[in-house]
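Participant: Structure below; questions to follow.
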Amino acid sequence: RAREQAAQLKAEEAQRKREAEEAQRKTEQAALAQAEKEQKEALEKQEEERAREQAALAKAEEEQRKTLAKQEEERAREQAAQLKAEEAQRKREAEEAQRKTEQAALAQADKEKAEAEEMRICGVCVLSDKDNLINIKDHTHTACESCKQLLHTKCIKEWMKVSNTCPLCRKIGTFGALSNRVIHHPITSKEVNVAIRIGYEAFEAARKCSCFDYDVEKFGSALEIAEIRPRLAELKTRFHEIDIRSDDRHHLTNTADLDDLITEFIEANAEFVEIKPRIASIWSRHFTSPHPLLI
């Protein structure tokens, strides 16, 4: 019996020992699992903290970029306002200078007109370097019956030795006293400026004719080329002649010559305006933007 009890006690002791080891093993596993869980939570917390820091840094950078962009925009507005103010100032100064120039030109034109009331240019010695002015109050002049151009008596006498026609209108006629005939006044400096402006416009129109001719040749149909190009060539020649005449002071001596020049330019420009829509139509078939010379 004693041996059985001892064996039983020994078995129970071994059982308790196994149970204690099992409990300790479970405790260690639970502790290890808890440690792994805490480590994982710590890592996740670190990741979240890092993500928050990166988000805060990105937000700060975005705010800084917005601030810089706002400052740059403000600076650009200030520069634009300054440029606009300077442009307005230059425009006012240019308008003031133009107004003064126009006033001076008007005053000069009035002065020349007042002088022209008494003085005329001799049609014979107009191309010479000597004094070619005629005072209508004296009696040392005559006039052509056809064009009413004034002439020095001594000049027309010399002229009649070689020709019996007027040196300007080239018509055979008589030369008598001025009487109360209507004559064309010599052009003033203001009217010369008008002729110069017409010459510039004619030059630009001739240049545009050349450009349009190239466009029609390159983009136009056979019918358009045959119809429009000859008209452009003719207009270019007319504008070129107007440009030359506007700068020819030998043949642009009085208001009648200027009137003829203006009439010729108006007629040529009217025909030029009629052609422009057809140029625009040809251009629009190949390009979306309008023709740069038709804007």
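Every number in this text was worked out from the coordinates using simple rules, so none of it is lab data. The structure presented is a predicted model; accordingly, all values stated were derived computationally and were not measured. Heads up, the Cβs are rebuilt from the backbone with ideal geometry, glycines too, and the neighbour counts pull from every protein chain shown.
Participant: Would you please classify the overall shape of the range 32-109 from the alpha carbon gyration tensor, given that a ≥ b ≥ c denote the square roots of the eigenvalues, rounded means a/c under 1.5, and beyond that prolate means a/b larger than b/c while oblate covers the rest?
Facilitator: Cα axes put the range 32-109 in the prolate bin.
Participant: Considering only the other residues whose Cβ falls under 14 Å of the Cβ of Ala94, what net charge follows from Lys and Arg at +1 and Asp and Glu at -1?
Facilitator: Value of the local net charge: -1.
Participant: Local charge sum around Lys276 (other residues, Cβ-Cβ under 12 Å, Lys/Arg +1, Asp/Glu -1)?
Facilitator: In short, 0.
Participant: Work through the residues other than Glu48 whose Cβ is under 15 Å from its Cβ and net out their charges, Lys, Arg +1 and Asp, Glu -1.
Facilitator: Around Glu48, the charge tally is -1.
Participant: Give the calculated FRET efficiency between Glu87 and Phe287 to the nearest 0.05, with a Förster radius of 35 Å applied to their Cβ-Cβ distance.
Facilitator: 0.65
Participant: Can you tell me how the range 212-292 classifies by the Cα gyration tensor, rounded, prolate or oblate, using a/c under 1.5 as the rounded cut?
Facilitator: Prolate.
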